[in-house]
Structure formats: structure tokens, C-alpha cells
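What follows is a single structure, and I will ask about it in a moment.
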Amino acid sequence: MSSDDKKLKWFREARFGLFIHWGIYSVPAQGEWAMFYNDWDYNYYDAFKERFNPLKFDPAYWAELAWNAGMRYVVFTTKHHDGFCMYDSKFTDYKITNTPYKKDITAELVKAFRAKGLKIGLYHSLVDWRHEDFIPDPEHPLWKRGERDFKNRDLAKYREYLYNQVRQLLTEYGKIDLLFFDYTSKHKTSAEWDAEKMLELVYSLQPEIIVNDRLTYEKTSKVWDYCTPEVTVPNSQVKIDGVEYDWETCMTMNGHWGYCAQDKGFKSPQTILEALIKCSSLNGNLLLNIGPDALGQIPPGSVNIMENLSEWMKINSESVHGTEKSSHTPPRGMVYTQKGKTLYLHLFSPPMGDVILPELNGKIKNISLLADNSDVPMITHWGTELLDKKEIRIRPPTSIPPMSVLKISLK
């Protein structure tokens, strides 16, 4: 096993993680880009800091909810593009400990999730709309407002600030398993962060950590451990220049990352489960986001989804955790995940009748319904005259609920 394989072993086994977008943008409750889209000036936006007091924050409950839903790691936004730090940064006063809440939310969250057994990931924005030496681009509020003269800004000073923040996060919060940088836009290059030097720092402080691919947009040099397609499930395992990489897609439960009070358009639990299963079937992970409100409450729509996922995971978690892409072709409209000599056939809808498995005739020991271990018979006494010789007909119950799983043990 290579060193990369050793580092990524837990990530591949987890398959499912919780993303948390939370900051002072939860006060106006219009999403994490509210400052940009509303053209708010700094003074107006900064005032939200004085109103941020999440007294209902219960990290132990959050961790319990995540674990029960089958999530095995968390990625928390320590700083988003607005520059506000959700930890007790030594390098700015623009931070959670200078709000009415006063406490270090990152420290509280990391402690609770680690105690529950989840791996710890930290999100940190490379972008900083508030820092006086960050060089704006078209995705910066000042650029949107028409400003173009930034010659007095010193990128080296911003880079020092960025490195100092990363160094603190990786030395004061225990073992960090994953670092999610966000993001090098098409208007910038990895040279602005000196990506190779940043990785050297990260690995020197946390040798077993894995880092995502967003230190670079151009992807001309490998400065990542895994890739991050966003809000989509790729058609195949992620490749760059023909090389396959571990990957994770992040997705929202509704239409926003940060809390948006008006957004009630939550996806169905089945839609989310299908995405998770498809990711797992392509050697990928799903990082599913919640956006807590300003009081520290997870929106009811998100709680409902998590509780529905929990019910499914009680029965079917083995068909996701520790699985990988199968070398076998599933029936049309269905998906395989695989673990050793065990195939898991995911039936997104109850079958109309018998199901024909390609390639598996003579290769199966037994088939059962994962929900109750009941036998699923192979039909060999009739209906074989039009089958390919490698196909086998099976008969799952037509009364099973959507998202049922068949466990197929191979010889």
C-alpha cells in the first residue's frame, strides 16, 4: 500500500461526510455570498457580527445527527470568503470570540465530532474579501462595485496572513484529517498562494492529512490528494490527464450553502441517497451540506433529511461504507457498489418483475434482501431461452420500498 493509499484509506471507507457552512452571513439569512450579491459595504456587513450569538448551538447533537445519518467525517467552514473567522484567530479581530457568543465555535465543534468518532475536516477560504492586501478579481465585492486600482495592495502580506491562519488551525485543534481549501478561481493562479510551499507547510504540521485540489485552478501540477467536483455526480471516476483520482462532490440540501430563510426547496431524501450511491459506485464520496441559522439551529428541512437518511442507514449502511466501484455491469437503471466478493445491487425503484443480471450466470453463491436477509431466488426453470448465456434471472419482491438493496455473494 502506497503512502497515498494509507492516507486516503479512511476517506475511501467513509464515502459520506457532512459539510457545514456557518458564519455571520446566517444573520441576514440570505446565503454565504449575501455581501457580494447585495452590494453591502463593509460597515453594513460587519455589523452582523454584533448580532451573532448562537446560544442554541449544540455540537454534540449535530455530531449525533451526522453519525446516525451515516456520515463519517465533517468539514467545517473556519473562514469563508467574507473573511470572518469562526475560530479564535490570533491574526485578526474579525472573529467569533469578538461576538456576543465569545467562545471558539471551531474548538467546540471539533471536540464534539471527534468524540463521536467522526474524522475532522476544516474548510478555509483562500479568498478574503475583507483583507486589505488580498488582490480583488471579478468575484470580489470591490470589483463588482467598479474598483480597479489595487496597486497599493501587497500580496506577500496577504499570503503571510493566510499561512499564519493555516498554521494556527493545524497546530491548535488536534489531529486534522482533511483540509478543504476554497478556491482558486479562473481569474487567479496557484502562484498567488505559492501552492507547493503551502502544501509543504500543511504536510509538515499534519503528515497524515489529505488536501483537496482547490489550491490550483489550472491543474498543471499535482498539489492535491483528492478532487472536488461540485453539485454534480460525474459519469465516471474523476480523471486529470488520464490519471484517476479519489474524489468528493459537495452538494447542498436546498439551493444555498449558508442559511437562507426563504429557501424551502429541499431535495428529497431519495434524491440525496441516489447521489450518495452513485458517488460510491464510482470510487467517490458525497459531502452533504447544512447551513445552520444564526441561533445555531439546523433548519427543520435539513433535520428531516438527516433523520430519513438515518432510517435507511440502519439497514443498508454496509452497501455504502467501505465499498468501491464494481468491475461488473449492473442491470439498466440500477447501480452496483462492491466490497470484496460482495455486490450490492441498488434498486432505486421497486422492480416491475424479474431482474436480469448481466455477466453473473454461474458466479453467484446466494442473493438476499439486505433489509431482512430474506432469500432472493435465481430463476432457472423458465424464461432462459432469450437470455445471453452469461445472464441470470432473479426475482426480488415487487413489494419492496424504493432504495432497497440486494446483497449478492459471489463464488
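If the cut-off is 18 Å between C-alpha atoms, which aspartates and glutamates fall inside it for Lys389, apart from same-chain ones fewer than 8 positions away?
Qualifying aspartates and glutamates at Cα under 18 Å: Asp354, Glu359.
If you take the square roots of the eigenvalues of the alpha-carbon gyration tensor of segment 75-175 and sort them as a ≥ b ≥ c, do you get rounded (a/c under 1.5), prolate (a/b over b/c) or oblate?
prolate
Lys56 label point, 7 Å along Cα→Cβ, cut-off 12 Å on backbone N: hits in segment 255-297?
292-297
If Lys and Arg each add +1 and Asp and Glu each add -1, what is the summed charge of the other residues whose beta carbon sits under 15 Å from the beta carbon of Arg153?
-3
Have a look at Phe48, Val211, Val166 and report the one farthest towards the positive end of the charge dipole of the chain, computed about the Cα centre with Cβ charges (Lys/Arg +1, Asp/Glu -1).
Most positive-ward Cα: Val211.
Enumerate the calculated ³J(HN,Hα) couplings along segment 41-55 in order (Karplus 6.51 cos²θ - 1.76 cosθ + 1.60, θ = phi - 60°), each rounded to whole Hz, writing x wherever the residue is Gly or Pro.
With coefficients 6.51, -1.76 and 1.60, one gets 7, 4, 4, 5, 5, 4, 5, 4, 4, 6, 9, 8, 8, x, 5 Hz.
Can you give the % of DSSP beta bridges in the chain that are antiparallel, to the nearest 5?
For the chain, the DSSP antiparallel bridge percentage is about 45.
Between Lys197 and Ser268, what's the calculated FRET efficiency when r is the beta-carbon distance and R0 is 41 Å? Round to 0.05.
For Lys197 and Ser268, the calculated efficiency is 0.40.
On to the next question. For the chain, what does -39500 (n - 2.57) per DSSP helix run (n ≥ 4), summed and divided by total residues, give at 222 nm, in deg cm²/dmol to the nearest 500?
-7500 deg cm²/dmol
Along Cα→Cβ, 7 Å out, is where each label goes; now give me the distance between the ones at Thr189 and Asp241 in nm to one decimal.
Each label point lies 7 Å from its Cα, and together they span 1.6 nm.
By average Cβ neighbour count within 10 Å, what is the ranking of 82-91, 390-399, 238-247 from highest down?
In decreasing order of mean packing, 82-91, 390-399, 238-247 become 82-91, 390-399, 238-247.
If you don't mind, another one. Hey, what angle do you get for helix 300-316 against the long axis of the chain, alpha-carbon based, 0 to 90 degrees rounded to 10?
40
Continuing with this model, one more query. Can you pull the one-decimal nm distance between simple spin-label points at Asp354 and Glu230, each 7 Å off the Cα toward Cβ?
Going from the Asp354 label point to the Glu230 one covers 4.9 nm.
Continuing with this model, one more query. For the chain, with only Lys/Arg (+1) and Asp/Glu (-1) charged at the beta-carbon, what is the dipole magnitude about the Cα centre, in debye rounded to 20?
Computed charge dipole of the chain: roughly 1060 debye.
Tell me the net charge near Asn254. Cut-off is 10 Å between Cβ atoms, Asn254 excluded, with +1 for each Lys or Arg and -1 for each Asp or Glu.
So the surrounding residues net to +1.
Nearest 10 degrees, 0 to 90: what angle lies between the long axis of helix 105-116 and the longest principal axis of the chain (Cα atoms)?
The helix 105-116 is inclined about 20 degrees to the chain.
Sticking with this one: For the chain, with the dipole built from +1 on Lys and Arg beta-carbon atoms and -1 on Asp and Glu ones, taken about the Cα centre, which of Ala294, Gly70, Gly353 lies farthest toward the positive end?
The listed residue farthest towards the positive side: Gly353.
Now a separate question. Taking the alpha-carbon centroid of each part, what is the distance from segment 61-105 to segment 364-393 in angstrom?
One Cα centre to the other: 50 Å.
Give, as a single signed number, the net charge of other residues whose beta carbon lies under 14 Å from the beta carbon of Glu50, with Lys and Arg counted +1 and Asp and Glu -1.
Here the count lands on +2.
Which order, highest average first, do 123-132, 35-44, 145-154, 285-294 follow once you tally other Cβ atoms within 10 Å for each residue and take the mean per peptide?
285-294, 123-132, 35-44, 145-154
State the volume of the convex hull built on the alpha-carbon positions of the chain, expressed per residue in Å³ and rounded to an integer.
So the per-residue hull volume is 151 Å³.
A follow-up question, please. Do you know the relative contact order of segment 226-321, to the nearest whole percent, from alpha carbon pairs under 8 angstrom that are 6+ apart?
26
Under a cut-off of 15 Å between alpha-carbon atoms, report the aspartates and glutamates in cross-link reach of Lys102, not counting same-chain residues fewer than 8 places apart.
The reachable aspartates and glutamates, counting only those whose Cα sits under 15 Å from Lys102, are Glu50, Asp88, Asp93.
Pairs of Cα atoms under 8 Å, at least six residues apart: use those to get the relative contact order of the chain, whole percent.
17
If you don't mind, there's one more thing I want to ask. With an 8 Å Cα cut-off and a minimum separation of 6 or more residues, compute the relative contact order for segment 335-410 in percent.
It rounds to 48 percent for segment 335-410.
A short reminder: the numbers here are calculations on the coordinates, not readings from a lab. Bear in mind the structure is a predicted one, so any value in this text is a computation, not a measurement. All Cβ positions, glycine included, derive from the backbone under ideal geometry; neighbour counts span all protein chains shown.
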